[in-house]
Amino acid sequence: MREYLASAGESLLMGRVSKGAKCSVEGCDKEAIRSLDSGKAHAAGLKFRDERRVFLCREHYKEYKKALRKDRVIERWRRLRIIH
């Protein structure tokens, strides 16, 4: 099926990020590289437009990962029963 679509000249791009979605953070118009659930992005403290999915550029995705690093470590310890 993909060969047929490719030969017909149709685009195989499926998601909104690959189609050129912009970053959802207020004041940023860069190309998005990742999409996340809005609850996860809100937990990281990012201010974004109200959407179900949040699209993040490289810079804001890096901020997201940095903000939640400590939470991930604590959650991992909790699963290993190091912390109660």
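The numbers here are math on the coordinates, done by the rules we state, and not lab data. The structure presented is a predicted model; accordingly, all values stated were derived computationally and were not measured. Cβ: placed from backbone, ideal geometry, glycine included. Neighbour counts: every protein chain shown.
For this structure, a couple of remarks:
- Quarter the surface of the alpha carbon convex hull of segment 15-79 and you get the mean projected area, 4.6 square nanometres.
- CYS28 paired with LYS70, simple spin-label distance in nm, labels 7 Å along Cα-to-beta-carbon: 2.0 nm
- Residue (of PHE48, LEU80, ALA67) at the positive-pole extreme of segment 39-84, dipole from beta-carbon charges: LEU80
- Maximal additional length on extending the LEU80-VAL17 stretch stands at 19.2 nm, based on 0.36 nm per residue less the C-alpha distance.
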